[in-house]
Amino acid sequence: MACPVCLQPTRRWIPAYQSPFIIERTGLPIQEARSYICQACEHVFITPFYTEEVLAALYTGYRDQTYNAARDRHEPGYAELAVRMADENGPDYALRRGYYDYFMKKFKDFDGDVVDFGGGDGYYSRYVFPKARITVVEEDYERKGGDLAATMAKAGVLFATHVFEHVPQPRRLLTQLVSLLRQNAFVYVELPRPYSGELEDSFARLERLRGAGEPLPFEDIVIQHEHIGHFSKKSATRLMAYSGVDVQEVYLHSEGIMGFLGMKRA
Ligand SMILES: [Zn+2]
């Protein structure tokens, strides 16, 4: 299996669980899911890779009432969690704002164009870039008549938070987006970092459990759910480098967020 970040052949894998909610929502045929780790770049990814149809089924109407109710049936407590996550006065939003106050404060006066890729309602890009002209681009942007190439070409910043862990081919997507930017445009990528230690160590621990015939615990890296790619600092830095970005600053936040800020390579 080729690693979707560095394209090297990847042989280490362990069985993964398929989320019943995902199966119900997407009609994904039940087949053996696997979690792979790339020996070259440390990226962890889950197969079978989601198709365009699966992604559309998963993210059309994302976190609307129907979505939340269906997910709550499979994952009791989710509806309550969704309410908390949607509360702009709640702790999740406060954490992110504090994170941006520290890492992205240099953009407070940026008054150019920003593309918020996958930004939902655009709350965070408006917070980070209060003086900028912001365009939120969702996966249906072009189907709805948007001109992605023109929008990207005038952007001074590409802002993509919590996107690449959801897509099967993150390098392909980021390379395409970066190719549309002008030289020296900023690229900011933010990813979750749910591991207390190294991703490689977490994977090796699960391999040992499997080798001993133990059932694998339900952990992110062996569940085929929304997050189908899992990045470490190493693999995320490589994702950006291979996609044409020179990474200049990295921020690993203790509360499970990683931020990578760079510029399109000249
Ligand atoms: Zn790799």
Check your understanding: Just to be sure, is residue 92 surrounded by fewer than 18 Cβ atoms within 10 Å (Cβ to Cβ) and in a loop (DSSP other than H, G, I, E, B)?
Key -> no
Exercise for review: Residue by residue through the stretch 1-55, note down the ones that are among the small types (Gly, Ala, Ser) and either on the phi > 0 side of the Ramachandran plot or more than 15 Å from the ligand (Cβ to nearest atom) (or both).
Suggested key: 16, 19, 27, 33
Exercise for review: Might you check whether a residue that is assigned to a helix (DSSP H, G or I), open to solvent by 10 Å² or more (accessible area, probe 1.4 Å), touching a helix residue (DSSP H, G or I) at 6+ places or on another chain (Cβ under 8 Å) and at pLDDT 95 or above occurs anywhere in the stretch 240-249?
Suggested key: yes
Check your understanding: In the stretch 1-22, which residues are of a type in the set (Val, Ile, Thr) and either over 13 Å from residue 228 (Cβ atoms) or open to solvent by 10 Å² or more (accessible area, probe 1.4 Å) (or both)?
Key -> 10, 14
Practice item. Could you list, in sequence order, all residues of the stretch 95-104 that are surrounded by 12 or more Cβ atoms within 10 Å (Cβ to Cβ) and assigned to a helix (DSSP H, G or I)? Key: 95, 96, 97, 98, 99, 100, 101, 103
Review point. So which pairs qualify, if the first residue must be in the stretch 38-51 and under 16 Å from residue 206 (Cβ atoms), the second must be in a loop (DSSP other than H, G, I, E, B) and more than 7 Å from the ligand (Cβ to nearest atom), the Cβ gap must be under 6 Å, and the two must be at least 6 apart or on different chains?
Key: 42/232; 45/4; 46/228
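Does at least one position in the stretch 187-206 carry a residue that is assigned to a strand (DSSP E or B) and among the hydroxyl-bearing types (Ser, Thr, Tyr)?
Yes - at least one qualifying residue is present in the stretch 187-206.
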Check your understanding: Conditions: (1) of a type outside the set (S, T, N, Q); (2) in a loop (DSSP other than H, G, I, E, B); (3) open to solvent by 50 Å² or more (accessible area, probe 1.4 Å); (4) in contact with an Asp or Glu (Cβ under 7 Å, 6 or more places away or on another chain). Residue 144 meets all but one. Number of the miss?
Key -> (4)
Check your understanding: Which members of the stretch 23-63 meet the condition of being hydrophobic (A, V, I, L, M, F, W, C), closer than 26 Å to residue 198 by Cα and open to solvent by 10 Å² or more (accessible area, probe 1.4 Å)?
Key -> 40, 49
Point to revise | Qualifying position, being more than 17 Å from residue 39 (Cβ to Cβ) and not hydroxyl-bearing (Ser, Thr, Tyr), among 198, 249, 207 | key: 249
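Listed here are the residues, each with its yes/no results for (1) part of a helix (DSSP H, G or I); (2) of a type in the set (Asp, Glu); (3) touching a residue at least 60 places away in the same chain (Cβ under 8 Å).
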residue: 126; (1), (2), (3): yes, no, no
residue: 131; (1), (2), (3): no, no, no
residue: 139; (1), (2), (3): no, yes, yes
residue: 155; (1), (2), (3): no, no, no
residue: 160; (1), (2), (3): no, no, no
residue: 165; (1), (2), (3): no, yes, yes
residue: 176; (1), (2), (3): yes, no, no
Practice item. Would you mind stating whether residue 182 is more than 16 Å from the ligand (Cβ to nearest atom), outside any helix (DSSP H, G or I) and open to solvent by 70 Å² or more (accessible area, probe 1.4 Å)? Key: yes
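The values are calculated or read from the model by the stated rules, or taken from the named source; none is laboratory data. Please read these numbers as outputs of a predicted model, since none were measured by experiment. Cβ sites come from the backbone with ideal geometry, for glycine too, and all protein chains shown count toward neighbours. Just the protein is used for accessible areas: all its heavy atoms, side chains included, with ligands, DNA and RNA removed. Shrake-Rupley method; radii C 1.70, N 1.55, O 1.52, S 1.80 Å.
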